[in-house]
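Scroll down for the structure; my scribbles are underneath it.
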Amino acid sequence: MVKYKLQIERSLCIGCGNCTFACPEYWEMAEDGFSHLKGSIKVGDNEEREVEDPGCNREAEEQCPVSCIHVFEIE
Ligand code: SF4
């Protein structure tokens, strides 16, 4: 079954907020002014989580001006 990995390269985030408007179910602004992926784990400087349905995360990925949100298909 196809699953999806969501990832943010947090060191690249400029804190514009686009992802939180496009996909508030998954994205919120953290206290440091940059985006946080809800329910994620930290992997180095990144945050990641797996989901069965990417849902609005495709919109978040498309609307991020610095392309630091990624939606990968995994097995
Ligand atoms: S859209 Fe991209 S740059 Fe803007 S807050 Fe979200 S992750 Fe950061």
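No value in this document is a laboratory result; all are computed from the given coordinates. Everything numeric here is computed off the predicted structure, so don't read it as measured data. Here Cβ is always computed from backbone atoms with ideal geometry, including for glycine, and neighbour counts include all displayed protein chains.
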Revision key, fill the gap. Expected unfolding gain across D32-I74 under the 0.36 nm per residue rule, minus the alpha-carbon gap, is 12.1 nm
Practice item. Rounded to the nearest 0.05, what FRET efficiency do S11 and R58 give with R0 = 22 Å and r taken as the Cβ-Cβ distance? Could you check? Key: 0.45
**Study point:** 15 Å beta-carbon shell around G55, net charge (K/R +1, D/E -1)
**Key:** -3
Review point. Which one of E62, E52, E25 has the biggest mean-square fluctuation once the chain is modelled by GNM with Cα springs under 10 Å?
Key: E52
Point to revise | Cross-link reach list, aspartates and glutamates versus K42, counting only Cα pairs under 20 Å and skipping chain neighbours closer than eight places | key: E9, E25, E28, E31, D32, E50, E52, E61, E73
**Study point:** In Hz, Karplus ³J(HN,Hα) per residue of the stretch 62-68 (6.51, -1.76, 1.60; θ = phi - 60°; x = Gly, Pro)
**Key:** 5, 8, 7, x, 10, 6, 9
Check your understanding: Could you give the radius of gyration (one decimal) and Dmax (whole number) of the Cα atoms in the stretch 28-75, in Å?
Key -> 11.1, 34
